[in-house]
Amino acid sequence: MFRKIKPASTRKIKEGMEGLKRLEKRDLQLLSIVLGILVALVIFTVLMHIYSEPIDGGWNKYTSNVLLIGFVVLSLLFCVYIIIAKISIKRLRYKLMSAEIRAQKLKETDRIKTELISNVSHELRTPLASIKGFVSTLLDIEVSEDNRKKFLTIVDQESDRLNQLIEDLLDLSLVESGKLQLNFEPVDISEIMEKLKPEISEKIKKKGLFFETEALDSLPMVRADKNALLQILVNLVSNAIKFIEKGGIWVRAEQWNRGKYIKISVQDTGIGIEEKHLEKIFEKFYRVETATHAIPGTGLGLAIVKDLVEKHKGKVWVESEVGKGSTFYFTIPVFAKKERENG
């Protein structure tokens, strides 16, 4: 199904690089020998030209001139040959290096695909096994009404988890493949924050948390895709909700980097994230597990956030302290005056 890198490909590239080194060494030796011979002949010819007397049927200055010119021409021709050979070797080296880079990229792609299949298989297997187990129990044995409701609730939750995984995989595939069409336009960040509230209100209410947004009226428009910007915020807030037992979430927007960007922060009162997880938290399928919390999720939400923010030419990062909560930040460029004038 997926293209594999054959070991022979890398071996041939290495053999080609070694062959180039041998070729360069041979050319250098040949150049040294020929140049030594030519220099000796030129010196000999010049000396004969200076000290010899014209002799009929023997050596004369005319002959020495002809030889001198001949040696110079041969020297020039040989230099041209060396230059052409060097250019050819350089081009061949470039092709081999390009081939090696492509091979390495294909190997990395192959590794990522294998890892992706493994992760997806694991993530699909878990909810499917749970759904099948509880449904089989309901079909095979008589259960009380309380247990039946409990089992069906678990089946419903696992179905939602499965559906979320599929949606996240589709979103990630669209973003990474470049097939996601983003419509960049001037966007009012306050408007997006207002749309965010109904999107996450059910999750907030279910856990009994508070939710606040703050965006100054004087904030300039940002250059963004409305739907993508809303998805970034939904993913960040949804991620925060999973780590909160009590308290709430604040979403704030402010100008940043001398007004060139708007910085949006999503701050929570959750359990916090250990420092060892901070660098990996935006990787695909990476999920934070603690000794006391098994955090549900697909491990794709933050990877999607990172890709979408980078598509907007912004950046995303996180600050956290265990026991005190986390704050996720991302930046979006301001819609420039020149862009407004160009329509």
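Side notes on the structure shown:
- Among the residues of region 238-264, just one is under 13 Å from Glu199 (Cβ atoms), β-branched (Val, Ile, Thr) and outside any strand (DSSP E or B), namely Ile241.
- Boolean, Ser118 is at pLDDT 75 or above and of a type in the set (S, T, N, Q): no
- Meets criteria (small (Gly, Ala, Ser) and either over 24 Å from Lys324 (Cβ atoms) or at pLDDT 85 or above (or both)) for Gly297: no
- Looking at Asn227, Asn235, just one residue is open to solvent by 60 Å² or more (accessible area, probe 1.4 Å), out of contact with any Phe, Trp or Tyr (no Cβ under 7 Å at 6 or more places or on another chain), modelled with pLDDT of 90 or more and part of a helix (DSSP H, G or I), and that residue is Asn227.
- Identity of the residue in region 245-254, without any contact (Cβ under 8 Å) to a residue 60 or more places away in the chain and open to solvent by 10 Å² or more (accessible area, probe 1.4 Å), that ends up nearest to Glu212 (Cα to Cα): Trp250
- Qualifying position, being at pLDDT below 90 and buried (at least 17 other Cβ atoms within 10 Å of the Cβ), among Lys203, Lys179, Lys242, Lys149: Lys242
The values are calculated or read from the model by the stated rules, or taken from the named source; none is laboratory data. Keep in mind that what you see is a predicted model, and the values were worked out from it rather than measured. All Cβ positions, glycine included, derive from the backbone under ideal geometry; neighbour counts span all protein chains shown. When the accessible area is computed, the model is the full protein with side chains, heavy atoms only, and any ligands, DNA or RNA have been set aside. Shrake-Rupley method; radii C 1.70, N 1.55, O 1.52, S 1.80 Å.
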